[in-house]
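Asks: Before I ask anything, here is the structure I am working with.
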């Protein structure tokens, strides 16, 4: 849990950068981050990343790909973690299934993003 707590400041910054619009977060993003964890357990991390990267953008602008951008920002800004890629999908394309250490950091970053999302108001749309 300490690693996740250390990621919270970067998670808050990533949510502000990628998801915050007009002072609130679209409510879809809570569902997206919840389904990210469930999909990892069902399909594995590389498949989940591929599905989120290829998901269509909703008409209201919500996009699962923005969740991946948040996670990537958090993981890539951690000490000792260098992913040598510009996004999560590229990382897995270069590294097949990644490493257990990086995969664990990605899962921890997803949890930190989920916690960070709860600190912002949700839009009513």
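Asks: Confirm whether residue 115 is under 16 Å from residue 33 (Cα atoms), buried (at least 18 other Cβ atoms within 10 Å of the Cβ) and at pLDDT 90 or above. Let's see the steps before the verdict.
Replies: Working: under 16 Å from residue 33 (Cα atoms): yes; buried (at least 18 other Cβ atoms within 10 Å of the Cβ): no; at pLDDT 90 or above: yes.
So residue 115 does not fit the description; no.
Asks: Turning to a different aspect of this structure: Against the definition (free of Cβ contacts under 8 Å to residues at least 60 places away in the same chain, within 19 Å of residue 123 (Cα to Cα) and surrounded by 16 or more Cβ atoms within 10 Å (Cβ to Cβ)), how does residue 62 come out, yes or no?
Replies: Values: free of Cβ contacts under 8 Å to residues at least 60 places away in the same chain: yes; within 19 Å of residue 123 (Cα to Cα): yes; surrounded by 16 or more Cβ atoms within 10 Å (Cβ to Cβ): yes.
In short, yes.
Asks: Go through segment 74-100 and count every residue that is assigned to a helix (DSSP H, G or I), surrounded by fewer than 19 Cβ atoms within 10 Å (Cβ to Cβ) and modelled with pLDDT of 80 or more.
Replies: So the first thing to find is which residues in segment 74-100 are assigned to a helix (DSSP H, G or I), and the list is 74-76, 88-95, 100.
Within this subset, residues satisfying the condition of being surrounded by fewer than 19 Cβ atoms within 10 Å (Cβ to Cβ) are 89-90, 93-95, 100.
Cutting the leftovers down to modelled with pLDDT of 80 or more gives us 89-90, 100.
Matching residues across segment 74-100 total 3.
Asks: Restricting the search to segment 14-26, which residues are surrounded by 13 or more Cβ atoms within 10 Å (Cβ to Cβ) and either touching a helix residue (DSSP H, G or I) at 6+ places or on another chain (Cβ under 7 Å) or in a loop (DSSP other than H, G, I, E, B) (or both)?
Replies: Start the filter on segment 14-26 by keeping residues that are surrounded by 13 or more Cβ atoms within 10 Å (Cβ to Cβ), which leaves 14-16, 18-20, 24-26.
Listed by number, the residues that qualify are 14, 15, 18, 19, 20, 25, 26.
The values are calculated or read from the model by the stated rules, or taken from the named source; none is laboratory data. Only a predicted model underlies this, so the values are computations on that prediction, with no experimental measurement involved. Counting neighbours? That spans all protein chains shown, and the Cβs are built from the backbone with ideal geometry, glycine included.
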